[in-house]
Amino acid sequence: MPADEIFLVLLFKNEPFLSSMITFTARRLIALLLTLLAASLVVFLVLQVLPGDPASLMLGTEARADTLAALRHQMGLDVPAPARYFGWLWGMARGDFGVSYTYSVPVAELIRARVAVTLPLALMAICLSVGLAIPVGVLAAARRGRAADVAAMGVAQLGVAVPNFWLGLLLILLFAVTLGWVPAGGFPGWQDGLWPGLRALLLPALALGLPQAAILARITRSSVLETLGEDFVRTARAKGLTRRVALWRHAVPNALVPVVTIIGLQFSFLLAGTVIVENVFALPGMGRLMFQAIAQRDLIVVQDLVVLLAGSVIVVNFVVDLAYGVLDPRLARGGAS
């Protein structure tokens, strides 16, 4: 049968699922846009409308009147708040995030340069977390009560208790200072090659990812154990499937829904955790830019960064919702009804 006919057959066969997924996605997309709008409104109100003058906060109480008036005009504070808000939204939609008061350059340029560090760092950390946690969690569930289970959960408990900044300092002391395998901090830039950049991000990714891997491993173990007790797994075993086949073919796929939830939340925590870890390792990422903007009272940069980080969290949750519909079609049908 030709490939196009095979595609049409599969499409017709899965038409109810596709229809429910389209409706489910549309509803989630509307919710995403409304949540983004609400988040931007909250950030704008907190930083620009609540009592207090943002320009006075940035310049200090001893600023000259003409300097204060010039900054107020630059920030658009002499324009009514609704006009400022919609102008800010329209500018962000066009990629115009304003001009940083501290650096005197467009905020979009600052963010573009810092995202090239923060995004690979967060992706490395989440890949490390998932790559370690799911096999360890499944192994611990498969060997419940045995030495492997006790050892894995003991290490996981230790990982939960260790703060990521303290773990980062220990990693620097061991691998950078004592062994000299990797640099202690800084970032050479991707123009120097892929390996030097990844090498500089390795320790920060470990500091971010290992505590999250410990949490995810415990969640995976609990979810797999709960699924192993379900009737459909016992039925599969009664039909003659080995324990290994029943585990990986039936238990693990059905146990992934709560695990995917935690992965989505962890990516959000990793983005927020870069504020501390990037300062520990002196990385020029968005977290360090946020810290510097707060310290320098550059509210234009702070406002844009907070909205971008909130938007990243909302988009990740949207992707997680779509993953729910793929992993468990019943959720898509329920969300579309």
If you wrap the stretch 217-303's Cα atoms in a convex hull and average its projection over all directions, what's the area in nm²? 7.8
Can you tally the net charge around residue 315? Count Lys and Arg as +1, Asp and Glu as -1, for every other residue whose Cβ sits under 14 Å from the Cβ of residue 315. 0
Other-chain or far-sequence residues with amide H under 5 Å of residue 99's (modelled H): 107
So how much slack lies between residue 38 and residue 242, counting 0.36 nm per residue of separation and subtracting their Cα-Cα distance, in nm? 68.3 nm
If amide H atoms are built 1.01 Å from N in the plane of the peptide, which residues on other chains or at least 5 residues away come under 5 Å of the amide H of residue 76? none
Measure nothing fancy, just the Cα-based angle from helix 194-228's long axis to the longest principal axis of the chain, in degrees from 0 to 90, nearest 10. 50
Rolling a 1.4 Å sphere over the protein heavy atoms, what is the accessible area per residue of the stretch 70-147, to the nearest Å²? 53
Residue order for 278, 226, 109, 62 - accessible surface, 1.4 angstrom probe, largest first: 62, 226, 109, 278
Pair residue 119, residue 170: separation of 7 Å Cα→Cβ label points (nm): 3.3
Per the Cα gyration tensor, the stretch 80-182 corresponds to an equivalent ellipsoid with semi-axes, largest first in Å, of 44, 21, 12
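The values are calculated or read from the model by the stated rules, or taken from the named source; none is laboratory data. Remember, it's a predicted structure, so these values are computed and weren't measured experimentally. Quick reminder, even Gly has a Cβ in these numbers, built from the backbone with ideal geometry, and neighbours come from all protein chains shown. To get the accessible areas, we keep the full protein, side chains included, count just its heavy atoms, and leave off ligands, DNA and RNA. Shrake-Rupley method; radii C 1.70, N 1.55, O 1.52, S 1.80 Å.
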